[in-house]
Amino acid sequence: MPRSRKALRCKQKQMEQKQFQAESKKLMDMMIHSIYTHKEIFLRELISNASDAMDKLAYLSVTDGSMNVNRADLKITITRNKDEGILTVSDNGIGMNKEEMEENLGTICKSGSLGFKQAMEKNEDIDIIGQFGVGFYSAFMVASSVTVISKKWGEETGWKWTSDGADGYTIEPCDRAENGTDVIMTLKADTEEEKYSQYLDEYEIRNLVKKYSDYIRYPIVMEVEKSRQKEGCPADKPEYETYTEMETLNSMVPIWQRAKKDVTEEEYDTFYREKFYDFTEPLRVIHTSVEGAVSFKALLFVPGKAPYDFYSKDFKRGLQLYSSGVMIMENCEDLLPEHFRFVRGIVDSQDLSLNISREMLQHNRQLTVIARSIEKKIKSELKAMLENDREKYEEFYSAFGLQLKYGTVSEYGAHKESCQDLLLFYSHKQKKLISLKEYVEAMPEGQEKIYFAPGESKEHLAKLPQVELLSSKDYDTLLFTEEVDEFVPQTLNTYMEKPFCNVTTEDLGLQSEEEKKEAEEKAEEMKGFLTFVKESLGDQVKEVRLSQNLGSYPAAMVPEAGMSFEMEKYMKRVNPEFAYPVGRVLELNPEHETVKTLQRVMTEDPVLAKDYAQLLCCQAQLMAQLPLDDPFAYSELVCKLMK
Ligand code: ADP
Ligand code: MG
């Protein structure tokens, strides 16, 4: 039975004054005094609530055929009253009756606000706010008073709820023609730190809607000012007039919700550039839809260039997280592993939708499932690119290869499965970048190890005697010129069951048992000579020994077992106080003419032989790209010998 106006008026007199629940009050205080920098999210929250209210109405009408709701009529309206500083968000959704207003707006226990409050109390980073649907209360971050006028679908009376946030709220009956809700905010006065009046600015509201609520499935409309040419004025003297028009601010259907086949390359491209502020087109677009324990859609991009701050601490990895078209986190780090941090993109999961605000924390498990699936997807896409689109892959690799190497070695190789197949190194034999798999597959019969040589430049490494020797057997050597390279074999130990071998520090494993025996005999035979050279050099070297690996060179300086010279340089660079120099070992080639000469001179003129030994030692030092301990002494020595 419709209530008479008299009854309504009578009810109005009994305006009820109520206190917030204790918990709600605490939260409200926090909101009002929030120093939070992203106050702007209040608009997202109110729009989401409006959208939820329309979802509820649409859902009801599906189950109740008599309701006759036309989904096309549902919309959210934003109204600005600049003169009075009032911003209103209205919807024609399900609405609330008196009990629901009390229940929903008078208490926080049911909303995401609870999680927010707990986080605040734990003194966590206040930025965490973005993770929670802080909900309706966020209006108090920008408004000094909030009035909610609402009428529930199918009921006669509307209700007006008002609060200035401080002590409590009042609730009274009021008129509202249709079902739905208006949230009317009287904005706070501008202060030096915060310009609240910006939320009445057309441009600002457009931006906020685009940023957070672009993919809400109902139109968000607002009256906007436009300009047009006046009718009837001459073409050469156009005059303009401004007029206002209702405009839909959101685009409603997100590109990732569309079927892959319906999206053009150009659309992906434009979307990427606009969303992620990049000038370069992405090298690869990954558009995927996963149905399962947790369903989600993802639209990911492999950028063409590394952002200028990519290898610095300032770079923030992460994907944008949406739930049913509403952006809930701008940079969700948990969705993207560190080693794939170069990927940009968005993830949208309806499974996070209605619960996200309330139970975000408990839902971490779902995020983990999504993250794992995304990691696999990125890996397989990069692999496909490596195998089928080499040119693009190399472009990608020159921008982000270093990140994959770091990824391989970080956390003691915990992520090597994701990264190792994606690495490229320079092949001495093929004169181009190859993957470890390609290296192993090209190994000739009899080759047992993956040879690599660490050093400063490819040109230098190509001339190393060990590399030359390997080449003569048709064995390839990977030339490692980046600092992190050498950590890769250390972390992996083997690849496709083949062990790695650092040609500058380890036995190349080329000698047969017989050859080894012969070498030992030779060393024994030349023991006196080796002792002489060692004594001539004193503390400059730890040991002097023979080597069969020196090819056309008389001598080489090699590190004592363990750390390589490159690693030593690296350690010194990262820690200038590093005090464990790698022992120098001088290797001599017994077949080389110069070594034979030295041996002869030793017996004829030991003083001259000492100088020769020093000369050989310095040469070996230089070839290993190690600085001379005393360059002046070396120069004097050369001059002396040339006399
Ligand atoms: P949440 O949306 O996470 O539930 P909120 O604080 O945003 O938390 O909102 C609290 C409750 O208030 C909502 O669950 C809903 O029942 C009610 N509500 C808020 N805004 C509206 C609205 N525009 N129309 C109908 N109900 C609303
Ligand atoms: Mg909400």
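Taking amide H positions as placed 1.01 Å from N in the peptide plane, with prolines and chain starts having none, which residues 5 or more places from Leu546, or on another chain, fall under 5 Å of its amide H?
The list, which skips near neighbours in sequence, is Leu588.
Normalised by the number of residues in region 430-480, what is the relative contact order in percent for Cα pairs under 8 Å and 6+ residues apart?
Working: 39 pairs, mean separation 20.6, N = 51.
Answer for region 430-480 is 40 percent.
Under the rule of -39500 (n - 2.57) per DSSP H run of 4 or more residues, summed and divided by the residues of the chain, what mean residue ellipticity at 222 nm is obtained, to the nearest 500 deg cm²/dmol?
When only DSSP H runs of four or more count, the value is -11500 deg cm²/dmol.
Would you mind calculating the relative contact order of region 220-322 from Cα pairs under 8 angstrom and at least 6 residues apart, reporting the percent as a whole number?
17
Evaluate the chain: find the radius of gyration of its Cα atoms, find its Kirkwood radius, and give the ratio Rg to Rh.
Reported Rg/Rh (Cα atoms, Kirkwood Rh): 1.20.
I'd like to check one number: the per residue accessible area of region 512-643, probe 1.4 Å, reported in Å² as a whole number.
Numbers: 7890 Å² over 132 residues.
Per residue, region 512-643 has 60 Å² of solvent-accessible surface.
For the chain, return all DSSP H helices satisfying: extent of Cα atoms along own axis at least 24 Å; mean Kyte-Doolittle hydropathy at least -0.5. Before the final figure, lay out each step's value.
Values: long enough: 41-63 (33 Å, 0.51); 364-388 (35 Å, -0.53); 390-409 (26 Å, -0.67); 606-623 (25 Å, 0.61).
Those that clear 24 Å and a mean of -0.5 are 41-63, 606-623.
What's the carbon and sulfur percent of region 506-577's accessible surface, probe 1.4 angstrom, rounded to a whole number?
So the carbon and sulfur contribution to the accessible surface is 46 percent.
So if I restrict to the alpha-carbon atoms in region 520-562, what is the Rg, and what is Dmax, the biggest pairwise distance, in Å?
Here Rg and the maximum Cα pair distance are 11.0, 28 Å.
Name the residues whose placed amide hydrogens come within less than 5 Å of the amide hydrogen of Arg284, ignoring near sequence neighbours (fewer than 5 apart) on the same chain.
Val302
Take every DSSP beta bridge with both residues inside the chain and express the antiparallel ones as a percent of the total, to the nearest 5.
Numbers: 74 of 90 bridges.
Taking every DSSP beta bridge with both residues in the chain, the antiparallel ones total about 80 percent.
Please give the charge dipole size of the chain, origin at the Cα centre, charges +1 on K and R Cβ atoms and -1 on D and E Cβ atoms. Round to the nearest 20 debye.
Using Cβ point charges on Lys, Arg, Asp and Glu, the chain gives about 1920 debye.
Among Ile205, Asn68, Met222, which residue has its Cα positioned farthest towards the positive end of the charge dipole of the chain, with +1 placed on the Cβ of Lys and Arg, -1 on the Cβ of Asp and Glu, and the dipole taken about the Cα centre?
Asn68
Could you tell me the ratio Rg/Rh of region 128-278? Both radii from Cα atoms, Rh via Kirkwood.
Radius of gyration over Kirkwood radius for region 128-278 works out to 1.06.
Tabulate in residue order the Karplus-calculated ³J(HN,Hα) for region 280-286, using 6.51 cos²θ - 1.76 cosθ + 1.60 with θ = phi - 60°, rounded to whole Hz; enter x for Gly and Pro.
My calculation for region 280-286 gives 8, 6, x, 6, 8, 10, 10 Hz in order.
Under 5 Å between amide H atoms, partner at least 5 residues away or on a different chain: which partners does Val69 have, H built in plane at 1.01 Å?
none
Counting alpha carbon pairs within less than 8 Å and at least 6 residues apart, what relative contact order, in whole percent, applies to the chain?
Numbers: 1041 pairs, mean separation 53.3, N = 643.
Once normalised by length, the contact order is 8 percent.
Arrange the peptides 585-596, 222-233 so that the one whose residues have, on average, the most other Cβ atoms within 10 Å appears first.
Ranking, from highest mean packing down: 585-596, 222-233.
The values are calculated or read from the model by the stated rules, or taken from the named source; none is laboratory data. Since the model is a prediction, treat every value here as computed from it, not as a measurement. Neighbour counts are summed over all protein chains in view; Cβ atoms, including those assigned to glycine, are modelled from backbone coordinates with ideal geometry. Heads up: the accessible areas ignore ligands, DNA and RNA and are worked out on the full protein's heavy atoms, side chains in. Shrake-Rupley method; radii C 1.70, N 1.55, O 1.52, S 1.80 Å.
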